[in-house]
1. For the peptides 250-262, 224-236, what is the packing order when you average, over each peptide's residues, the other Cβ atoms within 10 Å and list the highest mean first?
2. Calculate the length of the line joining the C-alpha centroid of segment 191-206 to that of segment 224-255, in whole Å.
3. Need one word for segment 70-129: rounded, prolate or oblate. Basis is the Cα gyration tensor (sqrt eigenvalues a ≥ b ≥ c); a/c below 1.5 gives rounded, then a/b vs b/c decides.
4. Would you work out the relative contact order for segment 153-239, in percent, from Cα pairs under 8 angstrom that are 6 or more residues apart?
5. Would you work out the relative contact order for segment 110-198, in percent, from Cα pairs under 8 angstrom that are 6 or more residues apart?
6. Suppose a student asked you for the relative contact order of segment 47-160, using Cα pairs under 8 Å spaced at least 6 residues apart; what percent would you report?
7. Nearest 5 percent is fine: what portion of the DSSP beta bridges confined to segment 138-250 is antiparallel?
8. For residue 152, what residues show an amide H to amide H distance below 5 Å, using hydrogens built from the backbone and excluding near sequence neighbours?
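Bear in mind that the values in this text are calculations on the coordinates, not laboratory data. Remember, predicted model here, so these are calculated numbers, not experimental data. Please note: Cβ atoms are built from the backbone with ideal geometry, for glycine as well, and neighbour counts cover all protein chains shown.
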Amino acid sequence: MKKKVSFAALFVCVLAVCALVLAGCGGSSSDSTATDSASTDATATDQETTAAATGDYKLVEDGKLTCISNLYFPPFESMDDKSGEPVGYDIDMSKALAEHMGLEVNWLPSQAFDSLVPTIKTGGTADIAIAGMTITDARQKEVDMSDPYIDSNQSLVTKVGSKETMESLDDASKKVAVQAGTTGEEWVLENLTNATAVPLDDIISAMTGVQTGSYDALVTDLPVASYQIKNSFADLQIVESIPTGEQYGIAISKDNPALTAAINEALAEMRTDGTMDEIQVKWFGSKL
Ligand code: ARG
């Protein structure tokens with residue numbers, strides 16, 4: 001769902017806010033009088049967009065976009081060995097988002113993937129989770145998900161030389177590693193119903209485990225598998241791409257709809273001003 005800024009409505013609202021401030025009633029952010037009196041026919045979307053445009057959202061720390069992720073998912077997010085700083089596609093996205101919103105970016109330490117949605121839902125720790133996170137109905141019940149910013153699929157990965165196939169792996173004697181709480185885990189539980197799914201904290205240990213023979217295969221997001229095989233795990237192979245048609249979004253608390261609107265607005269700007277293309281080329285060598 002894309003939201004269009006109605007410039008006319010925005011202009012009227014801005015005028016109304018100015019009038020109120022001049023009249024000495026510049027109220028708090030929760031003061032809805034400005035929007036109410038600005039335009040009697042303003043729709044909910046217009047009001048949300050106006051809130052976004054005026055920065056009328058809550059932040060854990062003033063002036064900062066505080067982000068969380070599970071930092072073991074290259075090239076979307078990982079820890080740079082040398083600097084100890086988070087790096088990756090989502091990190092660049094977060095910086096660009098913050099920039100477009102006139103904020104600084106603030107990254108918190110890595111946490112378990114399946115704790116991200118609960119942390120955002122509880123509130124008070126981080127403003128957004130940006131983690132190569134697929135937009136799913138289940139997640140959307142708990143938190144708001146932004147508009148999609150990239151498409152993805154799943155992949156089945158084995159060791160080079162392995163003869164395993166999707167069919168042969170669907171057997172109780174076969175161990176298929178996944179990252180706990182991910183759509184990859186969900187896919188294995190639904191489609192390789194006889195296999196022994198092994199949920200792990202991160203996908204790097206799954207890759208190392210397939211390498212050393214602890215697991216027969218793993219299932220993870222295709223762009224992550226391709227990137228890792230190309231850059232660090234030459235002895236692994238993609239046996240099959242699994243066309244799940246996933247899309248990544250950013251998780252935001254349902255209590256902060258103005259932040260979701262502002263993030264969507266920034267994403268739309270980044271789509272048209274070339275920022276998104278730039279980040280895709282940087283991490284994937286071409287526009288996706
Ligand atoms: N796209 C998958 C999901 O949403 C996997 C995401 C894993 N992300 C991470 N940062 N470890 O479930």
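1. On the way: 250-262: 22.2, 224-236: 16.7.
The peptides rank, most packed first, as 250-262, 224-236.
2. 14 Å
3. On the way: a/c = 1.90, a/b = 1.08, b/c = 1.76.
Cα axes put segment 70-129 in the oblate bin.
4. Numbers: 156 pairs, mean separation 38.0, N = 87.
Reported relative contact order: 44 percent.
5. Values: 68 pairs, mean separation 22.3, N = 89.
Value for segment 110-198: 25 percent.
6. Numbers: 138 pairs, mean separation 32.3, N = 114.
28 percent.
7. On the way: 13 of 20 bridges.
Percent antiparallel among DSSP bridges in segment 138-250 is about 65.
8. 246, 247, 248
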